[in-house]
Amino acid sequence: MVGDRRPDDDPLSPDRLVDRYGERIFRVARRMMGNDADAEDVTQNVLLKLLQKASSFRGESDPMGWIYRITVNEARELYRRRGRRPSISLDSLPVEIDETEHVTGVTDFSRRPDRKMHADEVEEAVHAAIQELPDGYREAVILMDLEGLTYKESAEVMSLTLRGFKTRLHRARLHLRNRLEEFWKAVGDPPASNPAAGDPGTGEGA
């Protein structure tokens, strides 16, 4: 019975918040900020806000969408306070998405089965390229390609329409794919075959 539940059984109690969500919050913050120190600051701020606002989510079976939203906003705010402004613009990249030729996700176009010895370098190159992305694009890639959220879940976290989110993700993936192609050329690999073909992204979460 609900009335018999002890305080330490509350999923939004301080201890349970840290145990259940702390690692995931830190992981998202680390991917957005690019370093442990800033990620720790974001994590502390997010946990504090969760405690302050926990009453609004009592009874929810899974508050992760809410937690992702707070984490993204906190990381973006700290990113700006640190004076970090991505120098690139994605405005010149295509806006319209060809649903039959959608750019694949990070984990797909960063794989080169013929050159596995570059795994660490590839990961470093991917994360460096993600840090170059402007606000709203960096988060799209992290939520969808690295955290594994659906299109619908990611769009809701970012308060975007489904199509608006797909457009941002499409542009971000184009930039990352181009940066990875530069990386492969630098390490002496030939360009990957058909890197743009992949999941059209029309069904999941729609």
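How do MET144, MET33 rank when sorted from fewest to most other Cβ atoms within 10 Å of their own Cβ? Display every interim value, and only then the final one.
Numbers: MET144 27, MET33 21.
The order, fewest Cβ neighbours first, is MET33, MET144.
Report the calculated FRET efficiency for GLN131 and ARG24 (r = Cβ-Cβ distance, R0 = 25 Å), to the nearest 0.05.
Details: r = 20 Å, r/R0 = 0.80.
For GLN131 and ARG24, the calculated efficiency is 0.80.
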Exposure proxy check on ASP135, ASP145: fewest-to-most Cβ neighbours within 10 Å is ASP135, ASP145
For the ranges 151-157, 73-79, what's the packing order if you count other beta-carbon atoms within 10 Å of each residue, average per peptide, and put the highest first?
151-157, 73-79
Within 10 Å of each residue's Cβ, count the other Cβ atoms and sort THR43, THR167, THR161, THR150 from fewest upward.
THR161, THR150, THR167, THR43
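None of the figures in this text is laboratory data; all of them are computed from the coordinates on show. Keep in mind it's a predicted model, so treat the numbers as computed, not measured. As a convention, Cβ positions derive from the backbone with ideal geometry for all residues, glycine included, and neighbour counts pool all protein chains shown.
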